[in-house]
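The values are calculated or read from the model by the stated rules, or taken from the named source; none is laboratory data. Keep in mind that what you see is a predicted model, and the values were worked out from it rather than measured. Cβ placement follows ideal geometry from the backbone for every residue including glycine, while neighbour counts extend to all protein chains displayed.
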Amino acid sequence: MASGPGKLTEYHVGRCRLELVQGDITDQVVDAIVNAANSRLAGGGGVDGAIHRRGGPSIMAETKAKYPDGCPTGSAVITGAGNLSAKYVIHAVGPIWQGGNAGEAELLASAYRRALELAVGHSCQSVAFPALSTGAYRYPLSEAAQIALRTTIEFLRQRQSPPLVRFVLFDQATLNVFAEELAKLARAS
Ligand code: AR6
């Protein structure tokens with residue numbers, strides 16, 4: 001469990017709820033699952049591999065047909081979700097960590113914002129995010145968690161939608177870091 005002093009796994013912004021859970025994002029029953037994609041939208045390992053494996057080939061076929069030029073870092077595109085228990089997959093492209101002076105923080109925030117905008121634009125009531133850029137792209141976890149949560153809270157304050165944003169963290173250590181950062185943001189607000 002990630003509860004306890006200094007940790008928080010649920011936070012409300014008006015009628016919207018932000019949740020932190022541990023798990024595999026491909027098990028989520030939500031309107032939109034966010035993929036940690038690359039700018040060529042070429043598929044890969046981690047979340048991307050799991051989504052295309054479980055979702056089946058229709059997701060890549062639609063991606064290639066609709067977005068042949070890929071997607072710039074800091075942005076996102078949307079497709080159907082194939083065999084997953086979701087309506088949509090939102091392919092968000094976070095930055096590769098290069099030491100912190102290459103605009104990574106703004107690009108990571110922008111990837112989250114664009115994914116949330118697409119979710120709202122498609123009337124999604126619930127969205128599941130992985131910890132973008134924290135795997136193969138090596139973004140330091142605490143900083144990435146703070147940006148993910150701060151950007152989401154700001155978006156929910158401004159837009160009052162989507163009603164549920166759930167971060168699905170693959171292991172307990174990652175959930176703990178997110179829960180610590182969420183507690184800090186809640187204390188600061
Ligand atoms: N469910 C939830 N989280 C997961 C899962 C899963 N099934 N699998 C891994 N994670 P990554 P990135 C966690 O590497 O850093 C791909 O090859 C993982 O532990 O998936 O944005 C793409 O094609 C980590 O905390 O995404 C790109 O080329 C987090 O999800 C590149 O990797 C993100 O790890 C994107 O790298």
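The residue that is nearest to residue 117 (Cα to Cα), among those in segment 150-187 that are among the aromatic types (Phe, Trp, Tyr) and not in a helix (DSSP H, G or I), is 167. Residues that are farther than 22 Å from residue 83 by Cβ, assigned to a strand (DSSP E or B) and touching a Lys or Arg at 6+ places or on another chain (Cβ under 9 Å) within segment 2-28 comprise 10, 11, 13, 16, 17, 18, 19, 20, listed in sequence order.
Going by the structure shown, is residue 128 among the hydrophobic types (A, V, I, L, M, F, W, C), loosely packed, with under 15 Cβ neighbours inside 10 Å and at pLDDT 95 or above? Here the answer is no, as residue 128 does not meet what is asked. Here residue 82 qualifies as at positive phi and assigned to a loop (DSSP other than H, G, I, E, B).
Residue 2 passes every criterion in (1) at pLDDT below 95; (2) away from the ligand (no atom under 16 Å from the Cβ) apart from (2). When we screen 141, 175, 156 for residues that are more than 16 Å from the ligand (Cβ to nearest atom), farther than 29 Å from residue 64 by Cα and of a type outside the set (Val, Ile, Thr), the only hit is 156.
Restricting attention to segment 85-94, the residues that are surrounded by fewer than 22 Cβ atoms within 10 Å (Cβ to Cβ) and of a type outside the set (Lys, Arg) total 2. Just so you know, in segment 29-76 the residues that are assigned to a loop (DSSP other than H, G, I, E, B) and touching a strand residue (DSSP E or B) at 6+ places or on another chain (Cβ under 7 Å) include one that is farthest from residue 19 (Cα to Cα), and it is 67. Restricting 187, 138, 159 to residues that are surrounded by fewer than 20 Cβ atoms within 10 Å (Cβ to Cβ) and at pLDDT below 95 narrows the list to 187.
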